[in-house]
Amino acid sequence: MPDSRKTKAELLTELRRLRARLAKLEPGTPMADTAAAASIDPQEHFRAVADYTYDLESWVAPDGQLLWVNAAVERLTGYSVAECLSMPEYPLPLVHPADRAQIVRVLEGAIAGSCGNDVPFRVQRKDGAVRWAAISWQPIHGREGHCLGHRSSIRDISDRKQAEDALRAQRTLLDSIIAHIPCGVYWKDRAGRYQGCNAAFARAAGVPSPADIAGRTDYELAWERDQADWFRQCDERVFATGEAVLNIEEAERQADGRVAQLLTSKVPLRDDAGQVCGVLGIDTDIGELKAAEAELRRARNELEARVRERTAALATANERLRLQIAEREQVQEALHKSQERYRLVAELTSDFAYAFRVESDGSFCKEWVTDAFARITGYAPEELEPVNGLERIAHPDDRPIVQRRAQMLLTGQAMTTEFRIVIHDGQVRWLRDHAQPTWDERAHCVVRILGAAQDITARKQAEEEARRHQAALLHMARLSTMGELTAQLAHELNQPLCTIVGNAQTAQRLMTQDPPDFAEVRVALRDIVTYGNRAAHVIHRLRDSLRLQQREPVVLNIQRVIEDIAEFAEADARQHDARIQFEISSHLPTVRGDLIQIQQIILNLVHNGLEAMMEMPAGTRTLKIAARPDESQGIVVRVSDFGPGLTDAAAARIFEPFFTTKPTGLGMGLVISRSIAEAHGGRLWMTRNVGRGVTLHLSLPSVLAGDAP
Amino acid sequence: MTIQAEPGLVFVVDDDAGVRQMISRMVRSVGLRAETYASVQEFLDLYDRHQTGCLVLDVRMPGLSGLDLQERLTALEAPLPIIFITGHGDIAMGVRAMKRGAVDFIEKPFQDQVLLDAIHAALARAAELQSSLSARDEARTRLERLTPREREVLALVVTGKLNKQIAAQLGIAEQTIKMHRGRLMRKMGADSVPDLIRVAQRAGVVVELPD
């Protein structure tokens, strides 16, 4: 057979020829069109298939020389067909060094005529990457049965290899999970025979290792029969329904005798056809979990309780905070308002504010003073002397006050001082000065004085007026006390009386002399007449001052009149260890009269009442002063004492001149008071009280009644 | 000493002219002399401290009061007893005045005899005062005439010491002491030791008698 005798050279020649023909099969050649396809040579057909087969196909001569390799070699190894054909030791450079020995053995076997399937090895690509491949090989024989070498087919199994690796890793992971999961895991077939389990379940079931459980049923394990029945029952349910039974809580007596609280789930296992072929069980020991759960519940309750408490506390705190904030806001609002007010006040009133720096020698150095200073003093703020300015404008008589104020301020004490200043035009004005020292903790001394001064001249004038009025009232009040009036009368009348008596007696003596000195007697008698008249004049003058000396009558609010004398009356009461009770109606009609005279009457009545109670025990001495409208549109003031009262004889005479029940009395008070009341168109009378004491009534007509025609 | 024939002098000080003149008239009606003054100051301006008599004085007056005048006259050692008159009957003031040596304290109005009796009593006291004052003045004059050595001897004689003791104490001869003693007795106008003691006391010499 020519083929069998073909030499290598012949084969190579044939190969070249085949290659040339193969080249003619390149796409785009006229031979590639469909019409021509039917005329394709069957040999061409085979070659095309061989060349385009996905796996790497190669043909190696019996001497090991590579005869042919298809294009897949480039995809798998990165080496071109030409590179492979010219490679002296093909295929070893394509093989990972670790697997070369194996491939060498394969090649030697193949050359020897063996065949093999799917031997895995690693390909080292031209770019250095490593891929898994599997080689299958077989000898090739010619038609005559002679050996043509062998062919090999190399398949890229990297993906399969990866999948296998992944599967193995997964399997390992799963095994690890099953082995270490703190649950009992087991699986059985439909007959209830265990196929496998993990270590945890094996321990519970009382078998030495998971491998020992295979083939056993629940009746051959550690548990009691009824328990095995129950397990079986559960399994049957899974088989019957084909559905998982989840989270069965059960107590299980385990191999070590311990009764475990288990939470068991059983899941059906299915074969490829979807038929239920077994059951997978997972037991979770929930004893600790239960305890932990109970513990957790308790902790949670406690926590909740604490949270509630804390929440309540927080709510309270919040509320308090809210209130505080509200309060603060109010305060701030108030502060703001007050600042605003201060600002307005500072601008609109005559107050001026100032700041003085305190020098080391204690002098006050002007920092600033507000413009109101100019309005009050007529000096511009700049004109205030820089050092101790206020003291310099102080009235000379009041400078000691200002100096003392400065000394007190230096001790850190706030001061309110009233003093006079001499203003620009030489007038005297009163200031009321509030000064606040700023204390420096570190320096331990006062460093600054802030203050404000107010022009109180008008008030001072009013006060002066009031004082004058009070002085007059006080004078009259004193006069109205009988002792004082006696002294006054005595002094006024004593001198003329003394002169009269003395002259008369001297005249008598002169008449008895021999001869009588008539000239001297005449002079004595003249003086008697003169001083008798003078005494009469004193009486007239006294009357005038008490009754007839009419001041311009004014409209009087009797409530105010009584309020004005309350202080005197109460002072008098204190001296008598008594107290005064006022009962003044509001809305009293006004009366017209002399304020001081009306006050004098009331004070006189008060004094009489207090004197009348002196023999009563100190705690019981109460004098009542009442004022109310009377029936004739006027008013009536009643002064009631709770003294021993008066005898009929005394009551009949109290308005007589020189009648008195008091050891030091002159007996003129009520006489004068009545004459004043009558001069005002009113009346003064007395009534006995139902209980003790007497009441003196002073009625005065109202302004309206007085003005009526 | 001759008895003065001149009638007693009464000084009247009162701001009230009527009272003043009335008292003057009353005083004169009993044969005494009267001088009137409207104020304390007026009186002080014209008064010679050696004048004797008595003073009728109103307690309360504008300016210096009667009590002020009393104080000044005491300081002047004036021989002028005071009768106070008052329109106020001020007991406390009366007590004060009497304690300071007033002769009387009379309330206005008064009976003429009450005042006249008081005036007579005051004038009698004035005479006593006058004579004791003149005696004192005379004693002082005599004392001033002594030599220092005579004064030393006097001081020891009035304590009752004997000439021998005095001589020993002063370290001089007893004979010399005798001479000094005779001279000082003469100068002091004393006849005996008790007499000498009286005169010395009147002149203000402090006499300490031995126990």
Item to check | Answer residue from segment B:27-53, given it is within 14 Å of another protein chain (Cβ to nearest Cβ) and either under 16 Å from B:Phe84 (Cα atoms) or among the small types (Gly, Ala, Ser) (or both) and is surrounded by the fewest Cβ atoms within 10 Å (Cβ to Cβ) among those | outcome: B:Gly31
Item to check | Candidate set from segment B:95-127 (those that are over 16 Å from B:Val10 (Cα atoms) and free of Cβ contacts under 8 Å to residues at least 12 places away in the same chain); member that is nearest to the other protein chains (Cβ to nearest Cβ) | outcome: B:Pro109
Next on the checklist: Suppose the filter is within 13 Å of chain A (Cβ to nearest Cβ) and part of a loop (DSSP other than H, G, I, E, B); does B:Asp15 pass it?
Outcome noted: yes
Next on the checklist: Kindly evaluate A:Ser265 against the criterion of being small (Gly, Ala, Ser), at pLDDT 80 or above and surrounded by 11 or more Cβ atoms within 10 Å (Cβ to Cβ).
Outcome noted: yes
Item to check | Hey, B:Leu73 away from chain A (no Cβ under 13 Å), modelled with pLDDT under 90, within 16 Å of the chain's Cα centre (by Cα) and within 24 Å of B:Gln130 (Cβ to Cβ) or not | outcome: yes
Item to check | Boolean, A:Glu583 is at pLDDT 85 or above, under 60 Å from the mean Cα position of the chain (by Cα) and assigned by TED's automatic domain parsing to the domain that holds A:Leu700 | outcome: yes
Next on the checklist: Quick check on A:Ala471: is it over 15 Å from B:Met22 (Cα atoms), small (Gly, Ala, Ser) and either modelled with pLDDT under 65 or surrounded by 13 or more Cβ atoms within 10 Å (Cβ to Cβ) (or both)?
Outcome noted: yes
Checklist entry - Does segment A:363-372 contain any residue that is in a helix (DSSP H, G or I) and modelled with pLDDT of 75 or more? => result yes
Item to check | Test result for A:Asp572, surrounded by 16 or more Cβ atoms within 10 Å (Cβ to Cβ) and more than 18 Å from A:Leu698 (Cα to Cα) | outcome: yes
Next on the checklist: Out of A:Ile248, A:Ile286, I need the residue that is at pLDDT below 85 and within 18 Å of A:Trp187 (Cβ to Cβ). Which one?
Outcome noted: A:Ile248
Item to check | Test set (1) under 16 Å from A:Tyr194 (Cα atoms); (2) touching a residue at least 12 places away in the same chain (Cβ under 8 Å) - A:Asn247 fails condition number | outcome: (1)
Item to check | Breaking point among (1) out of contact with any Leu (no Cβ under 8 Å at 6 or more places or on another chain); (2) closer than 23 Å to B:Ala127 by Cα; (3) within 13 Å of chain A (Cβ to nearest Cβ), for B:Met61 | outcome: (2)
Item to check | Hey, A:Arg375 outside any strand (DSSP E or B), in the same structural domain as A:Val402 (by TED's automatic domain parsing) and surrounded by 13 or more Cβ atoms within 10 Å (Cβ to Cβ) or not | outcome: yes
Checklist entry - Any idea which residue in segment A:631-641 is modelled with the highest pLDDT, counting only those that are more than 12 Å from A:Leu696 (Cα to Cα) and crowded, with 16+ Cβ neighbours inside 10 Å? => result A:Ile635
Item to check | Count of segment A:272-308 residues which are in contact (Cβ under 8 Å) with a residue 40 or more places away in the chain and of a type outside the set (D, E, K, R) | outcome: 8
Checklist entry - Residues in segment A:476-495: is at least one over 30 Å from B:Val19 (Cα atoms), in a helix (DSSP H, G or I), modelled with pLDDT under 80 and more than 14 Å from chain B (Cβ to nearest Cβ)? => result yes
Checklist entry - Taking into account only those residues within segment A:506-532 that are at the interface with chain B (Cβ under 9 Å from one of its Cβ atoms) and in a loop (DSSP other than H, G, I, E, B), which is nearest to B:Val114 (Cα to Cα)? => result A:Gln513
Checklist entry - For segment B:78-172, which fully contained helices (runs of 4 or more DSSP H) count at least 2 residues that are assigned by TED's automatic domain parsing to the domain that holds B:Asp15 and surrounded by 14 or more Cβ atoms within 10 Å (Cβ to Cβ)? => result B:91-99, B:112-144
Next on the checklist: When you check B:Ser65 against the structure, is it among the hydroxyl-bearing types (Ser, Thr, Tyr), within 23 Å of the chain's Cα centre (by Cα) and over 26 Å from B:Asp195 (Cβ atoms), yes or no?
Outcome noted: yes
Item to check | Restricting segment A:592-626 to residues that are in a strand (DSSP E or B) and touching a helix residue (DSSP H, G or I) at 6+ places or on another chain (Cβ under 6 Å), the residue that is modelled with the lowest pLDDT | outcome: A:Arg592
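The values are calculated or read from the model by the stated rules, or taken from the named source; none is laboratory data. Owing to the predicted nature of the structure, the values given are computational and were not obtained by experimental measurement. No Cβ is skipped: glycine too gets one built from the backbone with ideal geometry, and neighbour counts run over all protein chains shown.
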